[in-house]
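Peer 1: Have a look at this one.
The values are calculated or read from the model by the stated rules, or taken from the named source; none is laboratory data. Computed from a predicted model, the values in this text were never measured in an experiment. Reconstructed Cβ throughout: ideal geometry from the backbone, glycine too, with neighbour counts over all protein chains shown. Only protein heavy atoms, including side chains, enter the accessible area calculation; ligands, DNA and RNA are left aside. Shrake-Rupley method; radii C 1.70, N 1.55, O 1.52, S 1.80 Å.
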Amino acid sequence: LLVASSGDDRLIALEVDTGSERWSRYLGGPIRLPPAAADGRVYVASDDGFLYCIDVATGEQLWRFRGGPDNRWVLGNSRLVSTWPARGGPVVHDGVVYFAAGIWPFMGVFLHALDAVTGEVVWSNDGSGSLYMLQPHNSPAYAGVAPQGALVVAGDRLLVPGGRSVPACFDLRTGQFLYYQLSRYNKTGGAFVCAAGPCFVNYHRDGITSLYDLASGAARV
């Protein structure tokens with residue numbers, strides 16, 4: 001059982017039968033999102049801006065990848081964190097791990113697809129942060145995708161939750177930005193997204209659940 005902590009920046013592996021600790025590893029910042037595991041490796045995104053790949057059996061770090069452009073630090077929630085914290089939680093699919101770094105669009109947002117074994121870049125998208133677009137009050141301004149939540153693979157698409165905004169959608173194979181319907185619908189978004197068939201669901205912590213069309217991003221409910 002893998003337990004991630006935002007309190008002491010630690011990933012802990014516990015024996016399921018006994019609850020005893022097998023190993024633990026401290027990262028460089030709070031872990032705010034669930035790790036993703038596949039083929040004996042676990043992938044963990046941290047507020048230090050890195051995605052870590054760790055051997056599940058031993059806790060050994062196999063590689064890490066910095067999501068943002070630099071190791072610049074700022075204060076966040078009374079902690080020193082990266083200017084580009086990795087708050088787009090990892091998802092693994094067909095040997096590729098996807099994650100995102102950056103939560104302030106005007107500072108840049110970085111979405112990455114990496115080889116799950118080596119950490120080599122398959123593609124990166126650094127152009128969806130500062131977009132001149134209509135805001136919910138129907139006036140244009142610079143804004144953009146602000147990843148906060150676990151990413152979701154849905155067919156050939158990658159869904160990126162936005163904390164309190166509606167999710168954005170990218171092409172899974174190329175990283176091309178497809179849509180981000182920030183102003184079109186009077187919707188409150190959330191960090192929790194799941195997908196099934198032609199639709200995806202976005203849940204907000206205030207109890208609001210919205211249904212969207214995967215192909216277009218149009219709201220259904």
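Peer 1: Enumerate the pairs (first residue in the range 136-158 and farther than 14 Å from residue 181 by Cβ; second residue anywhere and of a type in the set (Lys, Arg) and open to solvent by less than 50 Å² (accessible area, probe 1.4 Å)) with beta-carbon separation below 8 Å, excluding pairs fewer than 6 apart on the same chain, so at least 6 apart or on different chains.
Peer 2: Correct list of pairs: 147/87; 148/87; 149/87.
Peer 1: Can I ask one more? Kindly indicate the residue of the range 1-45 that is of a type in the set (Lys, Arg) and closer than 24 Å to residue 77 by Cα and also farthest from the chain's Cα centre (by Cα) among those meeting that condition.
Peer 2: It comes out as 25.
Peer 1: Could you check how many residues of the range 90-116 are surrounded by fewer than 24 Cβ atoms within 10 Å (Cβ to Cβ), closer than 22 Å to residue 54 by Cα and of a type in the set (Gly, Ala, Ser)?
Peer 2: 3
Peer 1: Surrounded by fewer than 22 Cβ atoms within 10 Å (Cβ to Cβ), part of a strand (DSSP E or B), free of Cβ contacts under 8 Å to residues at least 24 places away in the same chain and in contact with a Phe, Trp or Tyr (Cβ under 6 Å, 6 or more places away or on another chain), is that true of residue 132? Let's see the steps before the verdict.
Peer 2: Numbers: surrounded by fewer than 22 Cβ atoms within 10 Å (Cβ to Cβ): yes; part of a strand (DSSP E or B): yes; free of Cβ contacts under 8 Å to residues at least 24 places away in the same chain: yes; in contact with a Phe, Trp or Tyr (Cβ under 6 Å, 6 or more places away or on another chain): yes.
Yes, satisfied.
Peer 1: Okay, moving on. Inspect the range 203-216 for any residue being part of a loop (DSSP other than H, G, I, E, B), at pLDDT 80 or above, touching a strand residue (DSSP E or B) at 6+ places or on another chain (Cβ under 6 Å) and surrounded by 16 or more Cβ atoms within 10 Å (Cβ to Cβ) and give the result as yes or no.
Peer 2: yes
Peer 1: Scan the range 22-49 and report the pairs whose first residue is closer than 15 Å to residue 115 by Cα and modelled with pLDDT under 95 and whose second residue is surrounded by fewer than 22 Cβ atoms within 10 Å (Cβ to Cβ) and not charged (D, E, K, R), with Cβ atoms within less than 9 Å and a gap of 6+ or a chain change.
Peer 2: So the pair list comes out empty.
Peer 1: From the list 119, 197, 155, which one is surrounded by fewer than 16 Cβ atoms within 10 Å (Cβ to Cβ), modelled with pLDDT of 95 or more, more than 14 Å from the chain's Cα centre (by Cα) and of a type in the set (Gly, Ala, Ser)? Full working, then the answer.
Peer 2: Values: 119 fails: surrounded by fewer than 16 Cβ atoms within 10 Å (Cβ to Cβ); 197 fails: modelled with pLDDT of 95 or more.
Only one candidate qualifies: 155.
Peer 1: Criterion first (among the aromatic types (Phe, Trp, Tyr) and at pLDDT below 95) does residue 110 satisfy it?
Peer 2: no
Peer 1: Would you check if residue 6 is closer than 22 Å to residue 103 by Cβ, buried (at least 18 other Cβ atoms within 10 Å of the Cβ) and hydroxyl-bearing (Ser, Thr, Tyr)?
Peer 2: no
Peer 1: Still on this structure: Looking at residue 51, is it under 12 Å from the mean Cα position of the chain (by Cα), closer than 24 Å to residue 191 by Cβ and surrounded by 16 or more Cβ atoms within 10 Å (Cβ to Cβ)?
Peer 2: So residue 51 passes the test.
Peer 1: Yes or no: residue 160 touching a Ser or Thr at 6+ places or on another chain (Cβ under 9 Å) and assigned to a strand (DSSP E or B)?
Peer 2: So residue 160 fits the description; yes.
Peer 1: Any residue at all in the range 68-89 that's within 21 Å of residue 160 (Cα to Cα), of a type in the set (A, V, I, L, M, F, W, C), part of a strand (DSSP E or B) and open to solvent by 20 Å² or more (accessible area, probe 1.4 Å)?
Peer 2: Scanning the range 68-89, I find no residue that is within 21 Å of residue 160 (Cα to Cα), of a type in the set (A, V, I, L, M, F, W, C), part of a strand (DSSP E or B) and open to solvent by 20 Å² or more (accessible area, probe 1.4 Å), so the answer is no.
Peer 1: Suppose we filter the range 9-24 for residues that are closer than 23 Å to residue 148 by Cα and open to solvent by 40 Å² or more (accessible area, probe 1.4 Å); how many remain?
Peer 2: 1
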